[in-house]
Every structure is written in structure tokens, then in C-alpha cells.
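A quick write-up on the structure given underneath.
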Amino acid sequence: MRFLRFSGGAVLMANALMLGAGTPAMAGREAMKLDDIQVVGTHNSYKMAIPAPELDIIRQRDPKNAIELDYAHPPLTEQLDMGLRQIELDVVYDPAGGRYARPLLPDAAKDLPGDTPYDVSTMNAPGLKVMHIPDVDVRSTCAAFVVCLQQIRAWSDRHPAHVPILIILNVKDGNAAVPGGVVPLPFDADAFAALDKEILSVFPAERLVTPDQVRGRHKTLREGVLAGGWPRLSDARGKFLFALDAGSDKVRTYMRGHSSLEGLPIFVNSIDENAPHAAYFTLNEPVKDFARIVADVKAGFVVRTRADAGTREARTNDVGRRAAALASGAQYISTDYPSPRTDFGPYYVRLPKGAIARCNPVRIKGRCVAVGAKTD
């Protein structure tokens, strides 16, 4: 069994504790379904560190914000190699290209001569871009959305037996982040159509778990979920599901009148558990929302929660939120610290015994043991 080391020294078993027998109705690891597992992933997975001169400027204007923005992640493929199975990408709409090519803060900080946070040709090309806060927190390990997806797809092609990976999408629009900064274009129907198009240009339908598949022959997506519509693990290996983490207005715009997301590739965060499109929930407060997460997971919904936020838990080694997230049964647990940060330590988030995936502690009540097959 091979091992990979995190930068902070913690060890992650690359071939992991395997999913074993044990749903009440079905025996066997591969007979389990997508909602019967639990994995760890990252928050703002693309994010690079803000250089010290830029972080100093942010600190002078807003010390609290500087603390909250002081985290970073390695490239996406490295995270996947580490065993992380949920990726989060923030996207901005840039149909003509060049809208985000000259961010203000790097210029104001006057970093190294000639230093730019992006490849200029990438930023000038048309297409969705990936960044946290335009003009402020702009550095990404993959600045173009389609490039991020291509990197993930290439990794998946090399690891075709991996458990299903959730890719969470946050769409950014609204006002400029700073005076004189760029105003993001709104995410209207055209923007969401472009989002779908870029996803499908990289991931063909056979590599996706889609709302149509989960709904099956049921009238609504919610009915399909409650009837056990998520695919079996054996059928979902090597596949991806996309989820739009957005408020009700953006969700409504994305749905384009399709009440159960008919024909669309992306699940959406449902505020209402009784909505026809209810299948996935972002519930980021595992302590406050613990009872709801448990209930939703038991019912068959897929939930993403966060084990930490704003660097707070890592700075104080507060593991309460992490413990609640793991115990809640949320299938996808997000963190900014899949390995300890050397200047904080010792806080980090991974599954017990370094597993890549484990039987869901809420949904799988019976036996769940190692069975010897790989769970990538």
C-alpha cells in the first residue's frame, strides 16, 4: 500500500480504507450508492496564496479580511493525488475576454518587476475565469475554468476507478470589490448556458451523474432522490457531479424553467427541502445545522458542509466543527486544511485512518470493513 505525504508531514494512505459491506438492504461495497459514502475536499480549491505585499495592503484596510483570506491550496491534480474528492471553483463570466486581465491590487502592491498574477493570453481569451475576488484575491492555479476542468479530467482518466467527485460552482457577480475595480458581468441565462457548454466540452454525458439520471422515471428530481435514485458506487466510479452553490435567484435563473433540472448537467442548492429540484444542499454550519444535515442525509439527499472557515479553527486548533462535520453524515466535507499549516498546526481535516472514502456514518449502520479493492 503506497503512501503520500502532505506538505505538513501528515500521512494520507493513497489506497485508503476501503468501503465494505453493509447497507441494511444490500450487501457488498459496490452495491452501495453515491449517497452512502463520505469524502473530504477543499474550499476554494483553486486559490493560491496572496503575496505578502498585497496581503499587507488588505491588512491595512481590513485586518479581519486579511486573516480570512490567508490560506491557499496546491494545484488541483496534487489535491486529487492526496485523496481529496470534492473541488470548489469560483467563476466569473468573461465572454469577450480581457475583463479581468489587469487586477488592481497586484499593481498597487508593485510586486516584483514584471510580475503578473496571470498568463496574459489566458486572461485575454474569451471564456469563464476562476478567481476568488476580482482585483483583490485573484491568483488561481488554473485561471480559465475550462483549463481547471481539463486538469481534473486528465487526472480522472489516469484513475478511472475513483469514487464520484463533486465539483461545486460559485458564480460571482455584483458590484466591484474595490473602488475603481472591475464590475463582474451578471450571471444571466446566457452566462449559465456558457457554463453548461464549457462543462460539457470537457465532460461528456457518460462521465457525469446528472439530475435526469437521479430522477429516472419519477415525476420530480426530489421524488427520484427519496426513492433511492443516486447511482450505485459501481456505476458512479470515474464520474463527476456538479452542483451550483447559489441563492434562490441565481438558482431560478440557472433552471430556465426546468423545475426538476430536466436536461441540465448541474444540480443546484435547494433552499426548500420540498422543492421539485431538491437533491443537493450546501449546509456549511455543521454545528448549528447538525440535526438538519443528519435528517437530509438519512432521507437520501447529498450534502456538502465545511469543517472550518475563515482560518479560525486552524489558528486555534478548534476541532469541534470538524467533529460535527464528520459525524453529521454530510457526504462531502470541505476544508482549507487537508494538511497542517506549518505556522499554525496541528489542525487538519481527513477521514479516520487516512481513508479517501468511507461508509457514511449516518446511512451505513451495519458492518463496513476493508475488503481489499482500491478506492481511489
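The values are calculated or read from the model by the stated rules, or taken from the named source; none is laboratory data. Worth saying up front: this structure is predicted, and the values here are computed from it rather than measured. FYI the Cβ positions are ideal-geometry reconstructions off the backbone, even for glycines, and counts take in every protein chain you see. Areas reflect the complete protein model, heavy atoms only, side chains present, ligands, DNA and RNA absent. Shrake-Rupley method; radii C 1.70, N 1.55, O 1.52, S 1.80 Å.
Observations
- Within straight-line reach of K33, meaning a Cα separation under 12 Å, sit the following aspartates and glutamates at least 8 residues removed in sequence or on another chain: D235.
- Calculated FRET value between L226 and A205, using beta carbons and R₀ = 25 Å, to 0.05: 0.55
- Principal-axis tilt of helix 52-61 within the chain, Cα atoms, nearest 10 degrees: 90
- Helix axis angle, 290-299 relative to the chain longest principal axis, alpha carbon, degrees: 50
- Taking region 72-176 and dividing mean pair separation by its residue count, relative contact order in percent (alpha carbons under 8 Å, at least six apart): 40
- Stretching V319 away from Q150 to a fully extended chain increases their span by 57.4 nm, per 0.36 nm per residue minus the current alpha-carbon distance.
- Accessible solvent surface per residue of the chain, calculated while the other protein chains remain in place, 1.4 angstrom probe, Å²: 40
- Taking all Cα pairs closer than 8 Å and separated by 6 or more residues, the relative contact order of the chain comes to 26 percent.
- Relative packing of peptides 297-303, 206-212 - highest average C-beta neighbours within 10 Å first: 297-303, 206-212
- Entry for Cα extents along the principal axes in Å (calculated from the structure that is shown) out of (i) 62, 48, 39; (ii) 65, 57, 30; (iii) 64, 42, 38: (i)
- Taking a sphere under 13 Å around the Cβ of P352 and counting the other residues whose Cβ falls inside, with K and R at +1 and D and E at -1, yields a net charge of +4.
- Carbon plus sulfur fraction of accessible area for the chain, probe 1.4 Å, in percent: 54
- The chain: angle of helix 189-202 to the longest principal axis, Cα-based, in degrees nearest 10: 70
- Span from the region 178-216 Cα centroid across to the region 283-333 one, whole angstrom: 26
- Across region 49-118, C-alpha contacts under 8 Å between residues 6 or more apart give a mean separation that, scaled by the residue count, equals a relative contact order of 36 percent.
- What you get for region 151-299, charging only the Cβ of Lys and Arg (+1) and of Asp and Glu (-1), is a dipole of about 440 debye around the Cα centre.
- Full extension of the segment from A309 to H159, taken as 0.36 nm per residue of separation minus the current Cα-Cα distance, would add 51.0 nm.
- Beta bridges per DSSP, both residues in the chain: antiparallel share near 30 percent.
- Spin-label model distance (nm) - R217 vs T253, 7 Å beyond Cα toward Cβ: 3.8
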